[in-house]
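Chemist: Below are the structure tokens for one structure; questions will follow.
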Amino acid sequence: MLPTKSLFGDGLRSLCLLFALCHGAVAAAEPLPAAQGPVLLSLTGNVATTNAGERADFDMAMLQQLPQHELTTETPWTEGAHRYSGVLLRDLLARVGASGERIRALALNQYHVDIDWATAAGLPVLLATHQDGEAMKIRDKGPVWILLPLSDMPALNTKQHHEMMIWQLRTLDIR
């Protein structure tokens, strides 16, 4: 697993990714290997790099190969602050060369929310796979939970942003 980075400490790199994502010009750097373990997350729609037909499937090892970030935050659904780690949504989108105007995030129970591209590119949206150092299980809102740094950015602590923070994420459909 790669070392984790603070969501707020990688300014130049994040700015470059933000620019590229906003303009839909990100090209995947290399072929995406096939998932070897259970698939936790699939990307469908406008993705340039796939590994399972027309979609990009990721297992835990593949997600952990991407740059890892962490945040400590409180949420409306947990008691107290917890430390979460995982990959930034914008890094995952860049890895598969995704482009579009919105992203439909779909949970295991078919709950879905549409995230506009500017939000995905402009906010530190974390696809958390670990809570307090432990891999998240389905019964604990995992294995992937969309999180925002609510404690560090109180302006995000709104109903609109809460609705975006779906747990048990299974698919990101890029439109």
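The values are calculated or read from the model by the stated rules, or taken from the named source; none is laboratory data. Please read these numbers as outputs of a predicted model, since none were measured by experiment. Virtual Cβ from ideal backbone geometry, glycine too; neighbours counted across all protein chains shown. In case anyone asks, the SASA skips ligands and DNA or RNA and just uses the protein heavy atoms, side chains included. Shrake-Rupley method; radii C 1.70, N 1.55, O 1.52, S 1.80 Å.
Chemist: Residue by residue through segment 91-102, what is 3J(HN,Hα) from phi via Karplus (6.51 cos²θ - 1.76 cosθ + 1.60, θ = phi - 60°)? Round to whole Hz and write x for glycine and proline.
Modeler: Each residue of segment 91-102 in turn: 5, 5, 4, 5, 4, 9, x, 6, 8, x, 10, 8 Hz.
Chemist: OK, next. Apply the Karplus curve 6.51 cos²θ - 1.76 cosθ + 1.60, θ = phi - 60°, to the phi angles in segment 129-134 and return the couplings in whole Hz, x for Gly and Pro.
Modeler: Working through the residues one at a time gives 10, 9, 10, 6, x, 10 Hz.
Chemist: A further question follows. Principal axis extents for segment 87-175, Cα atoms only, whole Å, descending order, please.
Modeler: 32, 27, 23
Chemist: Rg (Å, one decimal) plus Dmax (Å, integer) for the alpha carbons of segment 16-175?
Modeler: Reported Rg and Dmax, both Å: 14.5, 42.
Chemist: Also, I was wondering about something else. Amide H of HIS130 versus every other amide H placed in the peptide plane: which residues, excluding those fewer than 5 positions away on the same chain, fall under 5 Å?
Modeler: Close amide H contacts, sequence-distant or interchain: SER85, MET136.
Chemist: What does the charge add up to near ASP116, with Lys and Arg as +1, Asp and Glu as -1, over the other residues with Cβ less than 9 Å from its Cβ?
Modeler: -1
Chemist: To the nearest 10 square angstrom, what accessible area does THR44 show with a 1.4 Å probe?
Modeler: So the heavy atoms of THR44 present about 40 Å² to solvent.
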